[in-house]
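Engineer: This is the structure I have questions about; it appears just below.
The values are calculated or read from the model by the stated rules, or taken from the named source; none is laboratory data. Just so you know, these numbers come straight off a predicted model, no measurement behind them. Quick reminder, even Gly has a Cβ in these numbers, built from the backbone with ideal geometry, and neighbours come from all protein chains shown. We work out accessible area using only protein heavy atoms, side chains counted, and drop any ligands, DNA or RNA first. Shrake-Rupley method; radii C 1.70, N 1.55, O 1.52, S 1.80 Å.
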Amino acid sequence: MVKLEWAEAQTVVAPLLHFAFLLVGQLLACCVTLRLQSSISESDVQVIDSKGMEAASNLPLPDAFLQFLNDNGIDPCIYTAADFLPRYVRLKPGCEEQVEVIEADIRCKLEKVEWLPNFYSLPPHIQIASSKSYQEGQIYGIDAASGAAVSALNISPGDHVLDLCAAPGAKLCMILELLGNSGSVTGVDVARHRLAACRTLVQKYSLGDHCRLFVANGAEFSLVPIRVDSDIKSLNREFGMKGDEFLYKEWTSRKPYKERKKAIKEREKGSLQLNQDPELIYYGRHSGVVGLSKTDLFKTVSTPEISQYGYDKVLVDAECTHDGSIKHIQKFENWGWTTLERRVLDAERTDDLTVLQFRLLTNGFKLLKAGGYLVYSTCSLTYAQNEDIVEKFLSLNPCAELLDIDGSECWPCKSGRIPKTLRFDPLTSRTSGLFVAKFTKHPER
């Protein structure tokens, strides 16, 4: 009998294991679906009845959280799918011919996601962080539902895109990939350490040339995209200075001592002040920043001008309670369920979040160019953080229109309570939970 080498054995065994995993997952999904059909009444869709609550009581979730799910029409059975949901990776464009090499590297077969280009699924236990493919930037982890939210923007070459809540950065990377060597992306986040992680990602994947990152309150950010060929930049380059102001040179991680000392002192004073300029922590050579003065960089424009010079596409993936993310909820087993009550269940925090979400959506829409697209998303499954926000926003913004999402008829998701909105959930979509709504902006009359 011929003895197989280890690498050869893997190519034989890995596909069989992957097939077995998929089969088990499908059987489990079928069982859970039958269970749901017997516990949810047709007249009260997504509201858990007494049988559903009895079944949910067997799950390792605290009573207060189960009540929260019941109050919001969320089936707790979604949290039983945690160990059977695949994880997803996006393959960097240009690496399509390297799939077999990547499979050998991570010792697992990549299953192509037919409804989302360049996305692949793999069993949840497979770790990619130590793989050569990951470390060299050929693949990175991003949930397919998050990829769908980015895809809904219909990004075209040359677009100027705003990612208003950019951290932790996977969606930012996907946006930059879709743009290629054109346009620009402005990433904004209120948490400096989280935005620094975004900076690390875009540099790791060599995607930063057309990107600029600002630490700022997304509900108040007011900078429009830079038109690279502007007259201002041409004049600045010609004279090298604007008054006594120094012009931005190519970005470097090593700042002058005085500038570093000043930044440290400002951070020691506390959080970002409301009247403080956004902090620019990264910009690529083709982001439009090089050659500008600080005055020009932080110049704001009037609302009528924004309709003409604003962003072509805006993504508002708003801060939320994360109740649709199974992996996030699982973390509370280690953090403690009392932490869950404070971060997710506290009524005052939830009210504060919905106010913030509405402000983020409103400001993102304000910065959108007329005729552009905005996508609002959260990884919450509650109505208060999704459909209620959309309804309130539409009632106060007559120039906003909710749009159908191109290609979504092929996506494994459900319609939201409002027509044209979409909901991904673990049982229906085999992804993390996500709500998605797409808007366009009409010129004001």
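Engineer: With θ taken as phi - 60° and the coefficients 6.51, -1.76 and 1.60, list the Karplus ³J(HN,Hα) couplings across the range 197-214 in order, rounded to whole Hz; mark glycine and proline as x.
Structural biologist: Working through the residues one at a time gives 5, 4, 4, 4, 5, 5, 6, 4, 8, 6, 10, x, 4, 10, 10, 9, 10, 10 Hz.
Engineer: Report the extension gain between Arg417 and Lys299 in nm, rounded to one decimal, defined as 0.36 nm multiplied by the number of residues separating them, less their alpha carbon distance.
Structural biologist: Here the segment from Arg417 to Lys299 would lengthen by 38.5 nm.
Engineer: Taking the alpha-carbon set of the range 302-398, what are its Rg and Dmax in Å?
Structural biologist: Just the Cα atoms of the range 302-398 yield Rg and Dmax of 15.9, 50 Å.
Engineer: Sticking with this one: So for Ser302, Ser325, what's the accessible-area order with a 1.4 Å probe, most first?
Structural biologist: From most exposed to least exposed: Ser302, Ser325.
Engineer: Right, something else. Fully extended, how many nm does the chain gain between Glu96 and Asp209 (0.36 nm per residue separation, minus their Cα-Cα distance)?
Structural biologist: Answer, rounded to one decimal: 38.4 nm.
Engineer: Taking amide H atoms as placed 1.01 Å from N in the peptide plane, list the residues 5 or more away in sequence, or in a different chain, whose amide H sits under 5 Å from that of Leu381.
Structural biologist: Amide H neighbours of Leu381, under 5 Å, 5+ apart: Asp323, Gly324.
Engineer: Same structure again: In 5 Å bins starting at zero, report the fraction of Cα pairs in the range 95-207 per bin as a rounded %.
Structural biologist: Cα pair-distance distribution for the range 95-207, in percent: 2, 11, 20, 22, 22, 14, 7, 2.
Engineer: Measure out, as a whole number of angstrom, how far apart the alpha-carbon centroids of the range 140-212 and the range 395-424 sit.
Structural biologist: So the two Cα centres are separated by 22 Å.
Engineer: Which order do the peptides 392-401, 134-143, 165-174 come out in when sorted by mean C-beta neighbours inside 10 angstrom, highest first?
Structural biologist: Final packing ranking: 165-174, 134-143, 392-401.
Engineer: Using Cα pairs under 8 angstrom and six or more residues apart, how large is the relative contact order of the range 134-204, in percent?
Structural biologist: About 34 percent, as a whole number.
Engineer: Post the alpha-carbon centroid distance, the range 337-356 to the range 61-136, in whole angstrom.
Structural biologist: Comparing the Cα centres of the range 337-356 and the range 61-136, I get a distance of 27 Å.
Engineer: Around Asn386, under 10 Å between beta carbons, what's the net of Lys plus Arg minus Asp minus Glu among the other residues?
Structural biologist: Local charge sum for Asn386: -1.
Engineer: Per residue, how much accessible area does the range 290-445 have with a 1.4 Å probe, in Å²?
Structural biologist: Heavy-atom SASA per residue in the range 290-445 reads 44 Å².
Engineer: A further question follows. So how do 328-337, 367-376 stack up, highest first, on mean other-Cβ count within 10 Å?
Structural biologist: Order by mean packing, descending: 367-376, 328-337.
Engineer: Amide H of Tyr282: which non-local residues (sequence gap of 5 or more, or other chain) have their own amide H closer than 5 Å, using H built in the peptide plane?
Structural biologist: Distant-sequence amide H within range of Tyr282: Leu213.
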